[in-house]
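Some notes on the structure that comes next.
The values are calculated or read from the model by the stated rules, or taken from the named source; none is laboratory data. Everything numeric here is computed off the predicted structure, so don't read it as measured data. Methodologically, a virtual Cβ is constructed for each residue, glycine included, from the backbone with ideal geometry; neighbour enumeration extends over all protein chains shown. What goes into the accessible areas is simple: the full protein's heavy atoms, side chains included, and nothing from ligands, DNA or RNA. Shrake-Rupley method; radii C 1.70, N 1.55, O 1.52, S 1.80 Å.
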Amino acid sequence: MASSASTVPAPAGIATASEAEAARRRRMVGIALMCGAVAFFASLDACGKTLARAGVDPLVTTFMRYAASVAMISLFVNPVRTPSVVRSRRLGLQVVRSLLLFASTALNFMALRYLQMAETISIQFAAPLTVALLAGPLLGEWSSRARLTAIGIGFLGVLVIVRPGVGTMHPAALLSVANVLVYALYAIVTRKLASYDSTATTMFYTGLAGVALMAPLLPWIWSSPTQWSHWALLLAVALFGTIGHWLLVLAHARAPANVLAPFIYTQLLWSVTLGFLLFGDLPGRWTIVGAMIVIGSGLYLLAQDTLRRAA
């Protein structure tokens with residue numbers, strides 16, 4: 001009797017409740033991983049800013065960041081373990097994607113030399129708006145009038161942060177604006193490649209082209225850091241970037257993108273905190289106002305996408 005009783009299935013309601021609870025826990029873990037990822041990305045920016053202010057060439061910092069990343073990724077994704085990983089159906093796009101990511105990181109490090117961390121990340125929050133705008137002509141994903149209005153308002157927020165023509169704009173802000181465009185193109189190319197190559201293949205090529213391009217130029221730009229702390233910071237840049245992307249992958253494996261996306265904006269809190277603790281920087285009121293406008297526009301687009309998928 002005991003053995004037969006143990007095989008009786010649980011009532012459907014209990015099983016459903018248990019599955020719902022398990023899914024809720026997975027989402028909560030995914031959200032925690034996302035918050036951890038952006039904390040590492042903010043720490044990466046802090047290290048990059050420290051190195052730039054110490055006189056280390058941002059291109060050197062970018063090279064070290066991706067050279068170490070390529071080495072770490074190759075331990076798990078390489079032609080020896082998986083020969084098919086090097087076969088890309090769109091090799092040209094893979095090279096373009098890698099170069100765009102490299103350029104985006106270099107532009108960010110160059111901007112951080114002169115701007116507050118809160119300023120650069122607030123401007124970078126306009127990248128999803130730029131993706132939505134460019135997705136029409138490049139991917140055939142045209143935005144409605146309401147979405148275009150939200151995108152326009154978001155770009156207005158960037159102008160509030162940068163404030164061109166009022167005598168307070170630092171020229172380095174243009175580097176962050178260029179970074180937004182470059183990163184948006186990188187995101188669009190990544191989406192396009194998803195239809196052709198596996199995630200492992202895309203990961204394998206992620207930093208490869210940028211490192212290969214920069215390697216011959218190193219003799220002209222390389223200057224060995226004179227302090228051990230600079231070497232430690234270069235290692236930290238590579239480590240924080242790799243761990244951040246790893247946590248990002250883990251987060252998306254546990255929760256949908258629309259659940260995780262709003263928590264990307266917590267990076268602003270980390271940037272403000274680290275900027276104040278390490279550099280004594282506090283964002284001005286216009287940076288805060290502009291950031292809220294950009295974030296609000298991004299959240300509106302996210303809500304519209306969620307409703308559209310639900311419909």
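Are there any pairs with C-beta distances below 6 angstrom linking a residue in the stretch 217-233 that is part of a loop (DSSP other than H, G, I, E, B) to a residue that is open to solvent by 70 Å² or more (accessible area, probe 1.4 Å), with the two at least 6 apart or on different chains, and if so which?
Once the first residue is part of a loop (DSSP other than H, G, I, E, B) and sits in the stretch 217-233, its partners that are open to solvent by 70 Å² or more (accessible area, probe 1.4 Å) give Pro225/Trp231.
Which numbered condition trips up Ile153, out of (1) in contact with a Ser or Thr (Cβ under 8 Å, 6 or more places away or on another chain); (2) in a loop (DSSP other than H, G, I, E, B); (3) open to solvent by 60 Å² or more (accessible area, probe 1.4 Å)?
If we test Ile153 against (1) in contact with a Ser or Thr (Cβ under 8 Å, 6 or more places away or on another chain); (2) in a loop (DSSP other than H, G, I, E, B); (3) open to solvent by 60 Å² or more (accessible area, probe 1.4 Å), just (2) comes out false.
Does Ser297 satisfy the condition of being in a helix (DSSP H, G or I), small (Gly, Ala, Ser) and under 30 Å from Ala54 (Cα atoms)? Spell out the reasoning first.
Numbers: in a helix (DSSP H, G or I): yes; small (Gly, Ala, Ser): yes; under 30 Å from Ala54 (Cα atoms): no.
Judged against the criteria, Ser297 is not a match.
Within the stretch 295-304, restricting attention to residues that are open to solvent by 50 Å² or more (accessible area, probe 1.4 Å) and closer than 16 Å to Phe125 by Cα, which residue is farthest from the chain's Cα centre (by Cα)? First the steps, then the outcome.
Looking only at the stretch 295-304, we keep the residues that are open to solvent by 50 Å² or more (accessible area, probe 1.4 Å), and these are 299-300, 304.
Next cut, closer than 16 Å to Phe125 by Cα only: 299-300.
Details: Leu299: 16, Tyr300: 19 Å.
Among residues in the stretch 295-304 that are open to solvent by 50 Å² or more (accessible area, probe 1.4 Å) and closer than 16 Å to Phe125 by Cα, the one farthest from the chain's Cα centre (by Cα) is Tyr300.
Scan the stretch 83-93 and give yes if some residue there is part of a helix (DSSP H, G or I), over 15 Å from the mean Cα position of the chain (by Cα) and under 30 Å from Val272 (Cβ atoms), otherwise no. Outline the logic, then answer.
So in the stretch 83-93, the residues part of a helix (DSSP H, G or I) come out as 83-86, 91-93.
Then drop every residue that is not over 15 Å from the mean Cα position of the chain (by Cα), which leaves 83-86, 91-93.
With under 30 Å from Val272 (Cβ atoms) added as a condition, the list becomes none.
Scanning the stretch 83-93 turns up no residue that is part of a helix (DSSP H, G or I), over 15 Å from the mean Cα position of the chain (by Cα) and under 30 Å from Val272 (Cβ atoms).
For the stretch 269-294, name all the residues that are open to solvent by 20 Å² or more (accessible area, probe 1.4 Å), part of a helix (DSSP H, G or I), among the hydrophobic types (A, V, I, L, M, F, W, C) and closer than 15 Å to Ile161 by Cα. Walk me through it before giving the result.
Initially, the stretch 269-294 is screened for residues open to solvent by 20 Å² or more (accessible area, probe 1.4 Å), giving 269-270, 272-274, 276-286, 288-289, 292-293.
After this cut, where a residue has to be part of a helix (DSSP H, G or I) as well, the list is 269-270, 272-274, 276-279, 285-286, 288-289, 292-293.
Narrowing further to those that are among the hydrophobic types (A, V, I, L, M, F, W, C): 269-270, 272, 274, 276-279, 286, 288-289, 292-293.
Of everything in the stretch 269-294, those that are open to solvent by 20 Å² or more (accessible area, probe 1.4 Å), part of a helix (DSSP H, G or I), among the hydrophobic types (A, V, I, L, M, F, W, C) and closer than 15 Å to Ile161 by Cα turn out to be Val272, Trp286, Ile288, Val289, Met292, Ile293.
Which one of Ile73, Ile31 is modelled with pLDDT of 85 or more, out of contact with any Cys (no Cβ under 9 Å at 6 or more places or on another chain), farther than 21 Å from Ala111 by Cβ and β-branched (Val, Ile, Thr)?
Matching residue, one of Ile73, Ile31: Ile31.
Among the residues of the stretch 31-76, which ones are over 19 Å from the mean Cα position of the chain (by Cα) and open to solvent by less than 20 Å² (accessible area, probe 1.4 Å)?
Leu51, Ala52, Val56, Val60
How many of the residues in the stretch 138-190 are closer than 30 Å to Leu91 by Cα, hydroxyl-bearing (Ser, Thr, Tyr) and modelled with pLDDT of 90 or more? If you could, list the steps in order and put the result at the bottom.
Of the residues in the stretch 138-190, the ones closer than 30 Å to Leu91 by Cα are 138-143, 175-190.
Adding the requirement that they be hydroxyl-bearing (Ser, Thr, Tyr) leaves 143, 176, 183, 186, 190.
Right, trim to modelled with pLDDT of 90 or more and you get 176, 183, 186.
Of the residues in that region, 3 qualify.
Restricting attention to the stretch 162-172, does a residue exist that is open to solvent by 20 Å² or more (accessible area, probe 1.4 Å), charged (D, E, K, R) and over 20 Å from the mean Cα position of the chain (by Cα)?
Kept after step one, since they are open to solvent by 20 Å² or more (accessible area, probe 1.4 Å), are these residues of the stretch 162-172: 163-171.
Cutting the leftovers down to charged (D, E, K, R) gives us 163.
From what is left, the residues that are over 20 Å from the mean Cα position of the chain (by Cα) are 163.
Yes, the stretch 162-172 contains a residue that is open to solvent by 20 Å² or more (accessible area, probe 1.4 Å), charged (D, E, K, R) and over 20 Å from the mean Cα position of the chain (by Cα).
Which residues, taken from the stretch 179-205, are open to solvent by 30 Å² or more (accessible area, probe 1.4 Å) and not in a helix (DSSP H, G or I)?
Ala194, Ser195, Tyr196, Ser198
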